[in-house]
Amino acid sequence: MKIPTQIRKIIEGELINYPSNKKALAYAKQNVYLKHSPDGYVTLTQGKNFSSPVEQKVLHLMSDHNIMRLEYSISAIEDTLSDLREEHRRLIELRYFKSYSVERVVGELSICARNFFRWRDKAIACFAIRFGLI
């Protein structure tokens, strides 16, 4: 299956950012402290005092949306990795998580460049399906 270049670049960006997104998610979850107020609203206590409830609600929605997006991306990547064949998983880890060059990945996996691109495209297609992009 031929994946459009834009979709491949989106998936590659998510894969490249996976390690830092995982750290960012842990940090975001650790630093967002929610406190229920008597009026039923949830307010944030991050060491900052906001003058209006609207500012508090906006910050909460932004934090919540960011956390949800990171959780979705991380779970999609981890689910897909668990479903990939071992050689495809290894290729993804070397190329995107460890930032190896194509030549170095080819050498590590003892494959030709043509196999690298075929395996990469198959793996990217699996990620694109899981992300709902195709």
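Looking at the stretch 115-130, is at least one residue of a type in the set (D, E), closer than 26 Å to A24 by Cβ and surrounded by fewer than 17 Cβ atoms within 10 Å (Cβ to Cβ)?
As a first pass, look at the stretch 115-130 and keep what is of a type in the set (D, E): 121.
Applying the additional criterion that residues be closer than 26 Å to A24 by Cβ yields none.
No, there is no match, as no residue in the stretch 115-130 is of a type in the set (D, E), closer than 26 Å to A24 by Cβ and surrounded by fewer than 17 Cβ atoms within 10 Å (Cβ to Cβ).
Please verify whether L44 is out of contact with any strand residue (DSSP E or B) (no Cβ under 6 Å at 6 or more places or on another chain), surrounded by 14 or more Cβ atoms within 10 Å (Cβ to Cβ) and at pLDDT below 60, treating the condition exactly as stated.
So L44 fits the description; yes.
Report, by residue number, each residue of the stretch 8-24 that is exposed (fewer than 15 other Cβ atoms within 10 Å of the Cβ) and not β-branched (V, I, T).
K9, G13, P19, S20, K23
Tell me, which residue of the stretch 57-98 that is in contact with a Leu (Cβ under 6 Å, 6 or more places away or on another chain) and over 30 Å from I111 (Cα atoms) is modelled with the highest pLDDT?
L70
Go through the stretch 84-134 and count every residue that is free of Cβ contacts under 8 Å to residues at least 40 places away in the same chain and not in a helix (DSSP H, G or I).
Adding up the residues that qualify gives 8.
The values are calculated or read from the model by the stated rules, or taken from the named source; none is laboratory data. These numbers were taken from a predicted model, which means no experiment stands behind them. With ideal geometry, Cβ positions are generated from the backbone for all residues, glycine too; neighbour counts draw on all protein chains shown.
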